[in-house]
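K.L.:
Structure incoming, see below.
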Amino acid sequence: MEVTIQWIRTTWTKESRGGEAAARRNAAPVGFALPDDDAASRAHVIRMHERDGFEPSGSREALSEVAVQLREVGGRLRVFPRVHPLHALPPRRRRPPAVRLGPGQWVRWQLNYRFSSALGIRGWTYWTDTFNIAYGPVEAEVFLSRPTLFIDERGPLR
């Protein structure tokens, strides 16, 4: 199974919910060129945080660390991001079904969250996860193009 995963997490607080900071956050890319390394068994992970002005910071992580279910069935790849109950805000009515990718196809799947500390002392933290997942061999610029499928599960963060 040849799978390429790029996981982008953008994190912010109420300081970036409006104005110039929100404009910078909203202008953050949702896809990046893949690094030139040979780490096919690892996910390309990008983090962008408000404290760094939403500048991207990249690394590689084990595929098992990415919150996505992947299963190859009948020459197609079944893809479904996991949402843990603790991170279920904003409320999600009904999640869309998993997608099945054929060779050469890729999906961009976006989810967002809000989270408060247990005592509510620190206020809310918000983040958006973007999963770019390709099935089969790909070029380094694949995630800079238009996806075969786009699933938008982002909800209102209030």
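K.L.:
Step by step: first the residues of the range 125-155, then only those that are surrounded by 15 or more Cβ atoms within 10 Å (Cβ to Cβ) and of a type in the set (Gly, Ala, Ser), then the one that is farthest from Glu2 (Cα to Cα). Which residue is that?
P.N.:
Restricting to residues being surrounded by 15 or more Cβ atoms within 10 Å (Cβ to Cβ) and of a type in the set (Gly, Ala, Ser), the top hit is Gly155.
K.L.:
Could you list, in sequence order, the residues of the range 14-31 that are in contact with a strand residue (DSSP E or B) (Cβ under 6 Å, 6 or more places away or on another chain) and modelled with pLDDT of 90 or more?
P.N.:
Hits for the range 14-31 are Ala28, Val30, Gly31.
K.L.:
A further question follows. Here is a check on your reading of the model: is Ser41 more than 22 Å from Thr125 (Cβ to Cβ), within 17 Å of the chain's Cα centre (by Cα), at pLDDT below 90 and of a type in the set (Ser, Thr, Tyr)?
P.N.:
no
K.L.:
Identify, please: which residue in the range 8-31 is among the hydrophobic types (A, V, I, L, M, F, W, C) and closer than 18 Å to Trp109 by Cβ and is, among those, nearest to the chain's Cα centre (by Cα)? Steps first, please.
P.N.:
Start the filter on the range 8-31 by keeping residues that are among the hydrophobic types (A, V, I, L, M, F, W, C), which leaves 8, 12, 21-23, 27-28, 30.
Next, from what is left, pick out any that are closer than 18 Å to Trp109 by Cβ: 8, 28, 30.
Working: Ile8: 4, Ala28: 13, Val30: 8 Å.
It comes out as Ile8.
K.L.:
Please list, ordered by first then second residue, the pairs with beta carbon atoms under 6 Å, 6 or more apart or interchain, first in the range 42-70 and within 21 Å of Arg100 (Cα to Cα), second surrounded by 11 or more Cβ atoms within 10 Å (Cβ to Cβ) and acidic (Asp, Glu).
P.N.:
Qualifying pairs under 6 Å: Ala43/Glu61.
K.L.:
Which one of these does Gly53 not meet: (1) at positive phi; (2) out of contact with any helix residue (DSSP H, G or I) (no Cβ under 9 Å at 6 or more places or on another chain)?
P.N.:
Among (1) at positive phi; (2) out of contact with any helix residue (DSSP H, G or I) (no Cβ under 9 Å at 6 or more places or on another chain), Gly53 violates only (2).
K.L.:
Kindly establish whether Thr4 is among the polar types (S, T, N, Q), under 24 Å from Thr125 (Cβ atoms) and modelled with pLDDT of 90 or more.
P.N.:
Numbers: among the polar types (S, T, N, Q): yes; under 24 Å from Thr125 (Cβ atoms): no; modelled with pLDDT of 90 or more: yes.
When the stated conditions are applied, Thr4 does not pass them.
K.L.:
Could you please find all residues in the range 40-59 being of a type outside the set (Ser, Thr, Tyr) and surrounded by fewer than 13 Cβ atoms within 10 Å (Cβ to Cβ)?
P.N.:
Applying the first criterion (of a type outside the set (Ser, Thr, Tyr)) to the range 40-59 yields 40, 42-56, 58.
Ala40, Arg51, Asp52, Gly53, Glu55, listed by residue number.
The values are calculated or read from the model by the stated rules, or taken from the named source; none is laboratory data. If you're wondering where the values come from, they're calculated on a predicted model, not measured in any experiment. Cβ atoms come from the backbone with ideal geometry, glycine included; neighbour counts cover every protein chain shown.
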